[in-house]
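J.: Got a structure for you, written out below as structure tokens; questions coming shortly.
The values are calculated or read from the model by the stated rules, or taken from the named source; none is laboratory data. The model shown is predicted, which means the values in this text are computed figures rather than measured ones. Cβ placement follows ideal geometry from the backbone for every residue including glycine, while neighbour counts extend to all protein chains displayed. All accessible areas refer to the heavy atoms of the entire protein, side chains included, with ligands and DNA or RNA removed. Shrake-Rupley method; radii C 1.70, N 1.55, O 1.52, S 1.80 Å.
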Amino acid sequence: MKYFSRNKYHLLVNAIGITVAFTMNFPELIALFSPEEANTVYPGLDWTQVGSEVLFTYLSIIILFWLNRIIFRFNGESIELSTKKVFIMFFLDLLLNGIMGKCFVLLHRAYGIPAIEASVHVYTHPLRDFLLAGIITLSCYLMNRSLKSRKVMMEMQQLKIENIANQFEALKNQLNPHMLFNSLNTLYSLIRESPEKAQEYLNELSKVMRYTLQKDSDSHSISVKEEMEFVYSYIYLLKMRYEDNLTFKFEIAESEMSKKLPKMSIQLLIENAVKHNEISNRHPLSIEVRTKNDSIKVSNRLQLRRGTVSSTGIGLSNLSNRYKLLYKKDIEIIETDDTFTVVLPLI
């Protein structure tokens, strides 16, 4: 949970307290500069009385802000101030302000603390209490909304960064010399052996490249159906390379096709499985993609390649971050001795 910085919060509360304290007692301050009006409307008015009232108003505001912070925690960006809470805060501030006013009167009578006793001032106390409670409640609400807005903006910025990183990683993987060489080599062989297959291969390759390079920054989420259309094109390219050594099993319910998930998430998991596992006649690789209980699972047997496979670590971490930012959920990684599974929530 994040809050206003201590210095910023104290500066803001003190600025509100000083401004409101002088504003609430503005008629009395004006009267001090007009002796005739002061004697008529505010008999016996002097600077000590006005100063005492201003100080009391300021301290009341500071205390009410402190209590609201303790009770309602309005300065936390994860706290939502509902309409009900705002009304409760207002009436509590109104009640507490009235109680503090009574205490001030008792201190004035018991210890002679300076206070304005003019009838006009006394009769306007309920109105002042109402306005003061309203100002404090509104200030707390606006601070809370400001924090929430800042949180949303930061999350959107973070999401933009994550998507750019994801697009860059996908672009790098699609255009790296090794994969580009393999794709062109496969295409070259197909042109000689089967022009029809070469044309189909080129069509699927263009779909993959177009989807990867698409710069629609608003497409943070995509339907399972759209994602799978891209995945099938991507798989087609892989099958041309690995043939029967790479197999896929899909069990995707039709009811799940319209649900949402982050763009290029299933493709990323398939890519990781192919990248990190041995695929050969001796050790064919099977990848399963299936839906269950509002989620989609991508799993494969663990048959890790010998030697070190270079990895930036951005893949699963990036996918996890995008889920948290988009849906406030996270992926689940299940690894056993012989299988590796990633569970993606569907929205």
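J.: Send over a whole-number figure in Å² for the accessible area per residue of the chain, probe 1.4 Å.
T.: Counting only protein heavy atoms, the per-residue value for the chain is 58 Å².
J.: Continuing with the same structure: Which percent of Cα pairs goes in each bin when the distances of the range 215-347 are cut into 5 angstrom slices starting at zero?
T.: Percent of Cα pairs in each bin: 2, 10, 20, 24, 21, 14, 7, 2, 0.
J.: Set the Förster radius R0 to 35 Å, insert the Cβ-Cβ distance between ARG145 and GLU254 as r into 1/(1 + (r/R0)^6), and round the FRET efficiency to 0.05.
T.: 0.25
J.: Another one. Can you run phi through the Karplus equation (6.51, -1.76, 1.60; θ = phi - 60°) for the range 11-19 and list ³J(HN,Hα) in whole Hz, with x for Gly and Pro?
T.: 4, 5, 5, 5, 5, 5, x, 5, 4
J.: Could you pull out every residue, at least 5 positions away or on a different chain, whose amide H is within less than 5 Å of the one on ILE113? Hs are placed 1.01 Å off N in the peptide plane, and Pro or chain starts have none.
T.: HIS108
J.: Out of residues 5 or more away from PHE248 or on other chains, whose amide H comes under 5 Å of its own, with H placed 1.01 Å from N in the peptide plane?
T.: Long-range HN contacts for PHE248: ILE287.
J.: Give the total of Lys-Lys pairs in the range 22-167 with Cα-Cα distances below 20 Å; include a pair only if its members are 8 or more places apart or on different chains.
T.: Lysine pairs satisfying the spacing and distance rule in the range 22-167 number 4.
J.: Of the listed values [x] 1.05; [y] 1.66; [z] 0.93, grab the one calculated as Cα Rg over 2.2 N^0.38 Å from the structure here.
T.: Working out Cα Rg over 2.2 N^0.38 Å from the coordinates points to [y].
J.: Please list, or write none, the lysines whose alpha carbon is within less than 16 Å of the alpha carbon of LYS329, excluding same-chain residues fewer than 8 places away.
T.: Correct list for LYS329: LYS259, LYS260, LYS263, LYS297.
J.: Treat each spin label as a single point 7 Å out from the Cα along the C-beta direction, and report the SER189 to HIS283 distance in nm.
T.: 2.1
J.: Could I ask something else about it? Taking K and R as +1 and D and E as -1, what net charge do the other residues with C-beta under 14 Å from the C-beta of PHE340 add up to?
T.: Details: positive: LYS275, LYS297, ARG301, ARG305; negative: GLU271, GLU278, GLU288, GLU332, GLU335, ASP337, ASP338.
Computed value for this residue: -3.
J.: Could you point to the residue in LEU304, ASN97, SER317 farthest towards the positive end of the chain's charge dipole, with +1 and -1 charges on the Cβ of Lys/Arg and Asp/Glu respectively?
T.: LEU304
J.: Spin-label point model (7 Å from Cα, Cβ direction): what's the LEU106 to THR341 distance in nm?
T.: 6.7
J.: Under unit Cβ charges (Lys, Arg +1; Asp, Glu -1), what dipole magnitude, rounded to 20 debye, does the chain have relative to its Cα centre? Let's see the in-between values first.
T.: Values: 40 positive and 36 negative charges, 126 e Å.
For the chain, the charge dipole is close to 600 debye.
J.: If you look at just the Cα atoms of the range 6-91, how large are its Rg and its Dmax in Å?
T.: 17.1, 54
J.: Which ³J(HN,Hα) values in Hz, rounded to whole numbers, follow from the phi angles of the range 131-138 under the Karplus curve 6.51 cos²θ - 1.76 cosθ + 1.60, where θ = phi - 60° and Gly and Pro get x?
T.: With coefficients 6.51, -1.76 and 1.60, one gets 5, 5, 4, x, 5, 5, 4, 5 Hz.
J.: Check ILE296: other-chain or 5+ apart residues with amide H under 5 Å from its amide H, H built from backbone geometry?
T.: Amide H to amide H, under 5 Å and 5 or more residues apart or across chains, ILE296 pairs with LEU344, LEU346.
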